[in-house]
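Notes follow the structure.
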Amino acid sequence: MASTTFSSQQSTALQNKHISLSLEQTHAIRSQIKNARGILRAEDIDQWCNTLSVSKETLLQGLVPFASEFAVAPISKFYVGAIVSGLDENELTHFYFGANVEFDHQALSLVVHAEQSAINNAWLNGAKKITQIAISDAPCGYCRQFMNELADANEFDILLPKQAFKLNELLPHSFGPSDLGNKYSLFNSAPQQYQFVDETLDKKLVEYALKAYVPYTNNYSAVKISTAEQGDFYGSYAENAAYSPSLSPLQSAISQFFLAGLNFDGETVTQITLLETKGFENQRTVTTAALASFGSIAKLQVISAPIVAINS
Ligand SMILES: [Zn+2]
């Protein structure tokens, strides 16, 4: 059974070449991130930069080990962390954490990579533009392709432990959305033209389904993970021009769930709901496979609902 590594490192003060925290500060900042479900908010970033007398970039790089703590890696035991520094609609900088998620006894292709997790976290939680992404290890080819789906793919800095890059240095001669005739991109989706017909559907689930970036299959879809005491976690489907690096709504939601430092077990999780667009369904199989890793298929409810164009 997969579990987070969150508790294993809690007795050590975080110290690295970027920042040096006391044990008390380590506990405090870790709690802020966990309580905000994998986000360090602008006001907290400013406060920590003042307290530690460091720049935002130094703080960002120094906190990467905290991101790795959210990893669920029962297969590789390789805990990857990534943090996106992103601007919200008011141009405020927040840090969005991400970590890899592996699914024991299931196909390796289901894994959520840390960079995907951090970008998904930023995308779902109000970031409008990525300025930097700090990563604990070099991004694999799959993640470079995932990043290439972003509108500002070649503008933000990719900060690795020893060097910084732009994406076009790591992924020259790339294949991207425009090669498939798609003029939109993740963080810059087509204007919403549809609505679900059934008005009795869970409003928030509908909101996340309509937020999905689905230029290649049109399956507006989302997943809700309901918990007994920790609230609900949502994820949206994010497609990719190379198809394979697409993030399914279940992967999106479960990655958000783990960023709250929770265990995906029968006591915590009460239900999982998948909403798909009728006539365009493609997520049941992958959702079932991922949930099988946790023995949670019985808790899955799949809803297939029609959409219509707004104003029709
Ligand atoms: Zn990767």
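In table form, for the structure just shown:
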| item | result |
| --- | --- |
| Segment 60-79 - residue that is more than 13 Å from the ligand (Cβ to nearest atom), among the small types (Gly, Ala, Ser) and within 20 Å of Asn263 (Cα to Cα) and, of those, surrounded by the fewest Cβ atoms within 10 Å (Cβ to Cβ) | Ser68 |
| Options Glu24, Glu91, Glu102: the member that is modelled with pLDDT of 95 or more, under 27 Å from Pro245 (Cβ atoms) and surrounded by fewer than 22 Cβ atoms within 10 Å (Cβ to Cβ) | Glu102 |
| Segments classed as strands (runs of 3 or more DSSP E), wholly inside segment 80-180, with at least 2 members that are touching a residue at least 40 places away in the same chain (Cβ under 8 Å) and either away from the ligand (no atom under 16 Å from the Cβ) or not assigned by TED's automatic domain parsing to the domain that holds Gln251 (or both) | 81-87, 93-99, 129-135 |
| Qualifying residue in segment 135-145 (condition: buried (at least 16 other Cβ atoms within 10 Å of the Cβ) and out of contact with any Leu (no Cβ under 9 Å at 6 or more places or on another chain)) | yes |
| Members of segment 105-146 that are at positive phi and in contact with an Asp or Glu (Cβ under 8 Å, 6 or more places away or on another chain) | Gly126 |
| Filter result (touching a residue at least 24 places away in the same chain (Cβ under 8 Å), outside any strand (DSSP E or B) and either of a type in the set (Val, Ile, Thr) or on the phi > 0 side of the Ramachandran plot (or both)) within segment 218-233 | Asn218 |
| Tabulated pairs, segment 287-312, first charged (D, E, K, R), second surrounded by 18 or more Cβ atoms within 10 Å (Cβ to Cβ) and modelled with pLDDT of 95 or more, C-beta under 6 angstrom, 6+ apart or interchain | Lys299/Ile272 |
| Residue check for Asn90: under 16 Å from Leu186 (Cα atoms) and not acidic (Asp, Glu) | no |
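Yes/no per residue for (1) out of contact with any Pro (no Cβ under 6 Å at 6 or more places or on another chain); (2) of a type in the set (A, V, I, L, M):
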residue: Lys77; (1), (2): yes, no
residue: Val80; (1), (2): yes, yes
residue: Phe95; (1), (2): yes, no
residue: Gly98; (1), (2): yes, no
residue: Ser109; (1), (2): yes, no
residue: Glu115; (1), (2): no, no
residue: Ile119; (1), (2): yes, yes
residue: Ala127; (1), (2): yes, yes
residue: Ile130; (1), (2): yes, yes
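The values are calculated or read from the model by the stated rules, or taken from the named source; none is laboratory data. The shown structure was predicted, so the numbers you read here are calculated from the model rather than taken from an experiment. Cβ sites come from the backbone with ideal geometry, for glycine too, and all protein chains shown count toward neighbours.
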